[in-house]
1. Mean-square fluctuation check for the chain, GNM, Cα pairs under 10 Å: which of Pro197, Pro136, Pro229 is largest?
2. Given H placed on each backbone N at 1.01 Å, which residues far from Gly68 in sequence or on other chains put an amide H within less than 5 Å of it?
3. Cα extents of the chain along the three principal axes, largest first, in whole Å?
4. For the pair Ala113 and Gln2, how long in nm is the line joining their label points, each one 7 Å along Cα→Cβ?
5. At a probe radius of 1.4 Å, what is the per-residue accessible area of Met1, in Å² to the nearest 10?
6. With every protein chain left in place, what is the accessible area per residue of the chain in square angstrom, probe 1.4 Å?
7. Using a Gaussian network for the chain with springs between C-alpha atoms less than 10 Å apart, which of these wobbles most: Ile225, Ile176, Ile42?
8. What is the percent carbon and sulfur in the accessible area of the stretch 1-143, measuring with a 1.4 Å probe over the protein chains and ignoring ligands?
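The values are calculated or read from the model by the stated rules, or taken from the named source; none is laboratory data. As the structure is a prediction and not an experimental result, all values here were calculated from the model. Note that each Cβ is placed from the backbone with ideal geometry, even for glycine, and that neighbours are counted across all protein chains shown. Accessible surface is based on the protein model in full, side chains and every heavy atom, while ligands, DNA and RNA are left aside. Shrake-Rupley method; radii C 1.70, N 1.55, O 1.52, S 1.80 Å.
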Amino acid sequence: MQALVIPNLDKQNAVSSTRAVLERLCASGIGALLDERLRAPIGEAGGGRFMPFREAAKACDLILSIGGDGTMLHAARDAVAWDKPLLGVNLGRLGFMTSLELSELQRLDALAAGNWREERRMLLECLHWPGDGNAPSRYLALNDVVATKGALSRMVDLDVSCDGGRPMHIRADGVILSTPTGSTAYALSAGGPMVEPGMRCISMTPICPHSLQMRTVIFGPERLITLRPGQEARSEIYLTVDGEQGARLEEGARLEIRRSSRELRLIALREAGFYEILSDKFKLHWLEGGASERIGD
């Protein structure tokens, strides 16, 4: 078994942490592959092999990211493109998507023994039609597709329709279309619900809506969501995909968002389920018997 290791060297202690991961993989009998551009900062310590990234991605059996959730999002694009399972070691603050903490590297031994399970995570496909007759740009999102205002404080006007039906007019700072995986990211900060990642649905959460009645809408997984700048739109509107890719939505542009036919394969080495992870990461408290603790009880 061979693992392509993708570290985020901007993280504190990233080099020493990467070397520790490489040493543990080697001790477990798992070969470690790294992008040859990492040879200088990482060095030969740890026993990893350096090669061109494309060769490593093709040869590996899995991809292992070292960093936070942002590193996982970046590595997820490679994992989906090469159809490889993804495992994350957390060096960030929250690390909700990552499977292991740095103190749990001994769990990597389970990889060689085959004692792990694979979770499938839904992706969104976003087509950005520029409105000038040119071909659309295509994006894949593990977390979310966001249409939001520019630098000015003025709200944006957006028309959103489902399966070509009557459009819903939204006046807000923007909207977030998220996967269940992305429900605990930006959408949660905007007041959206936490959705179990194994579900298949598309959540639309407005950002600071003008109307107090505007709340998150949950669409079925096979729905096609179309978003256009409203006729009254006077502010700049920007598209952002997973916080990394994006473009400006010009007049006449539209976005088409649907469930992708591709999925992310995510490696889980712990038995903890979604609700246990919520409790751990978000410091929620659960009473014996499964009921959540209420304020004042």
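1. Answer for the Gaussian network model of the chain: Pro136.
2. Those lying under 5 Å, H to H, from Gly68 are Leu91, Gly92.
3. 61, 57, 34
4. For the pair Ala113/Gln2, the computed spacing is 2.6 nm.
5. Rounded to the nearest 10, the figure is 90 Å².
6. On the way: 14870 Å² over 297 residues.
About 50 Å² of surface per residue is accessible.
7. Result: Ile42 has the largest fluctuation of those listed.
8. Details: 2950 of 6430 Å².
Using a 1.4 Å probe with all protein chains present, the stretch 1-143 comes out at 46 percent carbon and sulfur.
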